[in-house]
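The values are calculated or read from the model by the stated rules, or taken from the named source; none is laboratory data. Source: prediction; values computed, not measured. In this analysis, Cβ positions are derived from the backbone assuming ideal geometry, glycine residues included, and neighbour counts consider all displayed protein chains. Please note that ligands, DNA and RNA were not included when accessible areas were found on the heavy atoms of the full protein model with its side chains. Shrake-Rupley method; radii C 1.70, N 1.55, O 1.52, S 1.80 Å.
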Amino acid sequence: MQLLRKIAFPISLIYALVVYVRNYLYDVGIWSSKTFDTPTICIGNLSVGGTGKTPMVELLISALKDTHKIAVLSRGYRRKSKGFGLASPKSTVEDLGDEPYQIYTKFPEITVAVDADRRNGISILEDKIKPDLILLDDAFQHRKVKPDFSILLTAYDTIYTEDWYLPTGNLRDSKKAAKRADVIVVTKCPPEMSVDERKAVTDQLNPMEGQRVLFSYLVYDTNLKGSKADVSLHGLNNRKITLVTGIANPAPLVSFLEKEKMVFEHLAYADHHFFTPKELVALNSKEVVLTTEKDFMRLNNRVENLFYIQVAHMFFDDGRSTLKALLEELMKKDC
């Protein structure tokens, strides 16, 4: 795969040119970005997946839902429906896509909508729901909408300053696009990361004046949730575990399980993978299937002895309160 990526370098130059021209047309106003009356917060990245966008959206929901009427708008990647869709108790993962379905399942009290056309989605939400705040999931490249506040995520082990454009690298947007962010969050850091190490990464990112750089690491819940019952992670020690992942970067989860001395086989699938009947038969032959929360949304009620492990961002120092304060200040300005 690495050899193929190197061979594809000329294609990456063409891709980079297309990205540059597209951004230039928006930057100079030839193509227009629309603003809306409702405050909008964009959560996104410059690369393809693997930075923890969904856990970050869930963190923002948890921080703001008690004081603000929140709506989440997502593209609904790989859903089998078209156009605008509003989550309801009758919605399925095929209707919404796995990530919006996960968010709605966890926070049924908020509004979750899907629409590939973010302008259309926001307009419908303003007309029908009238939220105080709209969270735009994975919308950093969607420049037809100009958000009021942008949170850019970059994973510690693949920081965008060291990356290159698709298909040779993982960048889907220009590194210079980072200047549009109000906050840059370096995710998936080592939990023991020192202050000096964080300063070195901040210097590498070279933030603009006024940009904040925050750092977070992943925390896995050892109380596993199951389709029929819950169990502790180490309660599975004497059973044959099959780890099933359909996410962009399962390495942090695999590393965590190995540190916990868990013994398992790992079946890795592509991000957002919808499992075939043949694959489901094979998974049902396993003694215990452990998966991510996102994958659980696609496997629940289809695989026996299924459990998932929850993950959340934990900020270093006062990063969470800093981010919440910035968002509360945004809401005050729009009141």
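Yes/no matrix, rows are residues, columns are (1) more than 17 Å from the chain's Cα centre (by Cα); (2) free of Cβ contacts under 8 Å to residues at least 40 places away in the same chain; (3) open to solvent by 70 Å² or more (accessible area, probe 1.4 Å):
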residue	(1), (2), (3)
Asn238	yes, yes, yes
Val254	yes, yes, no
Phe264	yes, yes, no
Lys278	yes, yes, yes
Ile309	no, no, no
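Among the conditions (1) out of contact with any helix residue (DSSP H, G or I) (no Cβ under 6 Å at 6 or more places or on another chain); (2) open to solvent by less than 20 Å² (accessible area, probe 1.4 Å); (3) at pLDDT 95 or above, Asp115 misses just one, which is (1).
Rundown of residues vs (1) of a type in the set (Phe, Trp, Tyr); (2) modelled with pLDDT of 95 or more; (3) closer than 20 Å to Ala178 by Cβ; (4) open to solvent by less than 60 Å² (accessible area, probe 1.4 Å), yes/no style:
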| position | (1), (2), (3), (4) |
| --- | --- |
| Leu13 | no, yes, no, no |
| Ala16 | no, yes, yes, yes |
| Cys42 | no, yes, yes, yes |
| Ser88 | no, yes, no, yes |
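It is to be established whether one or more residues within the stretch 292-310 are out of contact with any Asp or Glu (no Cβ under 8 Å at 6 or more places or on another chain), modelled with pLDDT under 95 and closer than 22 Å to Leu60 by Cβ. No, the conditions are met nowhere in the stretch 292-310.
For the stretch 112-141, the set of residues classified as under 18 Å from the mean Cα position of the chain (by Cα) and free of Cβ contacts under 8 Å to residues at least 60 places away in the same chain consists of Val112, Ala113, Val114, Asp115, Ala116, Arg118, listed by residue number. When the stretch 154-204 is filtered for residues that are among the hydrophobic types (A, V, I, L, M, F, W, C), in a loop (DSSP other than H, G, I, E, B) and in contact (Cβ under 8 Å) with a residue 60 or more places away in the chain, the ones remaining, listed by number, are Trp164, Leu166, Cys189, Met193. Set side by side, the residues Leu46, Leu25 differ, and just one is farther than 21 Å from Met331 by Cβ, of a type outside the set (Val, Ile, Thr) and in contact with a strand residue (DSSP E or B) (Cβ under 8 Å, 6 or more places away or on another chain), which is Leu46. One residue stands out among those in the stretch 31-40 that are of a type outside the set (Ser, Thr, Tyr) and within 13 Å of Lys144 (Cβ to Cβ): the one that is most open to solvent (accessible area, probe 1.4 Å), which is Trp31.
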